[in-house]
Amino acid sequence: MRLDHHPALDARALLPFLAARAVPGVEEVVDGAYRRSLPDGSVLQLRPGEQAVEVDGDERAARAILRLDADPDAIVARLGDDPLLGPSVRAAPGRRIPGHPDPAELAVRALLGQQISVAAARTLAGRLAAHFGDPLPKPAFSLTHLFPSPRKIARASSDEISALGITTKRAQTLIALASAISRGDLALSPGSRIEETLTQLQTIPGIGQWTAQYIAMRALAWPDAFPHTDLGICKALDQTNPNKILELAEKWRPWRAYAALHFWTNLEKKT
C-alpha cells in the first residue's frame, strides 16, 4: 500500500537512525528500505519516497514507526520562533524520532542502551534476539528471528542473560521489567496514563529518568517526553543543572521531545 504524509516529512531521513540501531536478525535497512519482523511473525517493509511511503505489511506498525500522524505545523508554530531552536525547526520542520511498533521491545532495548554506545547496544540486542527470540516461520532477507517477548525474558535467569555480555545488574533489571510487563502490572500503552507509567517504570531498580523518558518518547509516542539528564542536551544548553534544564524546557511544552531531537541532531552534525 501507499501511505501519503505531510510534505514536510523527509521519511528517508529516518533510515540512518533506524539503520544504526537495527537489531541483527530482527531488522535491516538495505537499498532504501527498512524491514523488520513483528510479534505476530509477519515481516514489515517500508520504502520511503518524497511524499509517501510504500508499505508491505502492517499499516498500523508502519504509522507507529514513521509517526505519520505527527503535526509539523503545530510543532513549528510552537518552536519555530524560539531563539535556540527556531533556526533548526524552521529548516527541518518534519524532523522526528522514529516510533516503535512494540513498546515492550523498545523498553528492553532502551535498558540495553544505558551508558553504552549505539553500536554496542545493537550488538547486545542481537545476541538477546538470537538466544531468546523465536525463529521466524519463514526467514525473509536477513531477518531470522522475532525479538524475545517479555514472557521469554522474564523466565530467563540472570546468569543466562549475563552470558551474552550483559552485566548481572542489568540482567536483573531486564527480568524485573519483563516480569512486570508479562504479569500486566506495567502497561506500556501509547497515548494513555503517561505520568503513571513513568512513575511505575522508575520503581524498577535500574530504571531512571533518562530511560523512562526515552521509552515515553519512542514507545509511548509522547511528544512532551524530555530526558533532561541527557548529556547531549546538557551540552547543547551549556547547562549541567537538571532543574535549570527543566525550567528552560517549560516553554517548549507540549513538544519537548522534538526539542530534544533537534538538539541531538545538531550536535551530531558538529561531531
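The values are calculated or read from the model by the stated rules, or taken from the named source; none is laboratory data. Small disclaimer: the values here were computed from a predicted structure and weren't measured. Cβ atoms come from the backbone with ideal geometry, glycine included; neighbour counts cover every protein chain shown.
Before moving on, here are some points about what is shown:
- For ILE215, the stated conditions do not hold, so it cannot be described as out of contact with any Lys or Arg (no Cβ under 7 Å at 6 or more places or on another chain) and farther than 22 Å from ARG35 by Cα.
- Within segment 169-224, being touching a Leu at 6+ places or on another chain (Cβ under 6 Å) and assigned to a loop (DSSP other than H, G, I, E, B) holds for PRO190, ILE204, ILE207, ALA219.
- In segment 178-207, the residues that are modelled with pLDDT under 95 and of a type in the set (Ser, Thr, Tyr): SER189, SER192
- Among the numbered conditions (1) buried (at least 17 other Cβ atoms within 10 Å of the Cβ); (2) closer than 28 Å to ALA154 by Cβ, the only one that LEU79 does not meet is (2).
- Within segment 114-144, the set of residues being surrounded by 18 or more Cβ atoms within 10 Å (Cβ to Cβ) and under 17 Å from ALA163 (Cα atoms) comprises ALA121, ARG122, LEU124, ALA125, GLY126, ARG127, LEU128, ALA129, PHE132, GLY133.
- Neighbours by Cβ (under 7 Å, 6+ apart or cross-chain): first from segment 195-221, within 29 Å of ALA62 (Cβ to Cβ) and of a type in the set (D, E, K, R); second modelled with pLDDT of 95 or more and in a helix (DSSP H, G or I): ARG218/LEU106
- Yes/no for ALA61 being touching a strand residue (DSSP E or B) at 6+ places or on another chain (Cβ under 8 Å), assigned to a helix (DSSP H, G or I) and touching a residue at least 40 places away in the same chain (Cβ under 8 Å): yes
- Segment 1-23, subset in a helix (DSSP H, G or I) and touching a residue at least 40 places away in the same chain (Cβ under 8 Å), residue surrounded by the fewest Cβ atoms within 10 Å (Cβ to Cβ): ALA20
- Failed condition for ALA178, given (1) without any contact (Cβ under 8 Å) to a residue 40 or more places away in the chain; (2) touching a helix residue (DSSP H, G or I) at 6+ places or on another chain (Cβ under 9 Å); (3) farther than 25 Å from ALA70 by Cα: (1)
- Remark: GLY126 matches the filter, which requires a residue to be within 17 Å of the chain's Cα centre (by Cα) and over 22 Å from MET217 (Cβ atoms).
- Among the residues of segment 248-263, those that are within 18 Å of ARG67 (Cα to Cα) and outside any loop (DSSP other than H, G, I, E, B) comprise ARG256, ALA257, TYR258, ALA259, ALA260, LEU261, HIS262.
- Taking first residues from segment 153-175 that are under 15 Å from ILE116 (Cβ atoms) and partners that are modelled with pLDDT under 95 and in a helix (DSSP H, G or I), no Cβ contact under 7 Å between residues at least 6 apart in sequence or on separate chains turns up.
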